[in-house]
Amino acid sequence: MEDSKAGFRHLATLFERTARRMLAIGANRLDLLAAEVQEERERLLRAIYLALGVAVLGLLAGMTLTASIVVCLWGRSPLAVLVGLTLVYGAAAAVLCRRLTSCLRDWQTFPDSLDQLRKDRCGLEKLLP
């Protein structure tokens, strides 16, 4: 009878330690996830602000350059000037579109958290029969 009580206490102690470890691991993973969410948020806001600045200043520079070129070359061939500028701007837009597509394809969200969760899963699979 004493052996079964001792075995039960031992089993209860093991279960309690395992539960505490699992809670600690879960808390650590949530902390990591929260830190990564904050980093992603800050990085995204910084990228949006920079992109807006680039877009506004680039648009102003492009409009000024376009107006200057059109004024300088209007006497020779107005249609050729406008078609040439359209082709240049269209090619630049195509290059930027390809770069944006490449950037979005390679985007990874929460890579450290996901990697740590994979490691945890592998560790648990080794422990469990």
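Roughly what angle does helix 111-127 make with the longest principal axis of the chain, taking Cα atoms, 0 to 90 degrees, to the nearest 10? Once rounded, the angle reads 30 degrees. Computed 3J(HN,Hα) for the stretch 99-105, one whole-Hz value per residue from the Karplus formula 6.51 cos²θ - 1.76 cosθ + 1.60 where θ = phi - 60°, is 5, 5, 4, 5, 5, 5, 5, glycine and proline marked x.
Each of TRP74, TRP107 was scored by other Cβ atoms within 10 Å of its Cβ. Arranged with the fewest first, they read TRP107, TRP74. Applying 1/(1 + (r/R0)^6) with R0 = 22 Å to the Cβ-Cβ distance of ALA91 and LEU59 gives a FRET efficiency near 0.80. Among the listed options [x] 16.1; [y] 21.1; [z] 15.3, the one matching Kirkwood radius over Cα pairs in Å as calculated from these coordinates is [y]. Between the residues LEU82, THR64, CYS122, the greatest Cα displacement towards the positive end of the dipole of the chain, with unit charges on the Cβ of Lys, Arg, Asp and Glu, is found for LEU82. Computed from Cα atoms, the angle from the helix 2-73 axis to the main principal axis of the chain rounds to 0 degrees. Taking Lys and Arg as +1 and Asp and Glu as -1, the other residues whose beta-carbon sits under 15 Å from that of ARG105 total +1.
Just to verify a number: FRET efficiency for ILE48 and LEU114, C-beta to C-beta distance, R0 = 22 Å, to 0.05?
Working from the Cβ atoms, E equals 0.40.
Comparing LEU45, LEU117, LEU73 in a Gaussian network model of the chain (Cα springs below 10 Å), the most mobile by mean-square fluctuation is LEU73.
What net charge is computed for the residues neighbouring ARG118, neighbours being all others with C-beta under 12 Å from the C-beta of ARG118, Lys and Arg scored +1, Asp and Glu -1?
With Lys, Arg at +1 and Asp, Glu at -1, the neighbours total -1.
Among residues other than ALA47 with Cβ under 12 Å from its Cβ, the summed charge is +1 (Lys and Arg +1, Asp and Glu -1).
Only the coordinates and a few stated rules stand behind these numbers; no lab work does. The model shown is predicted, which means the values in this text are computed figures rather than measured ones. Please note: Cβ atoms are built from the backbone with ideal geometry, for glycine as well, and neighbour counts cover all protein chains shown.
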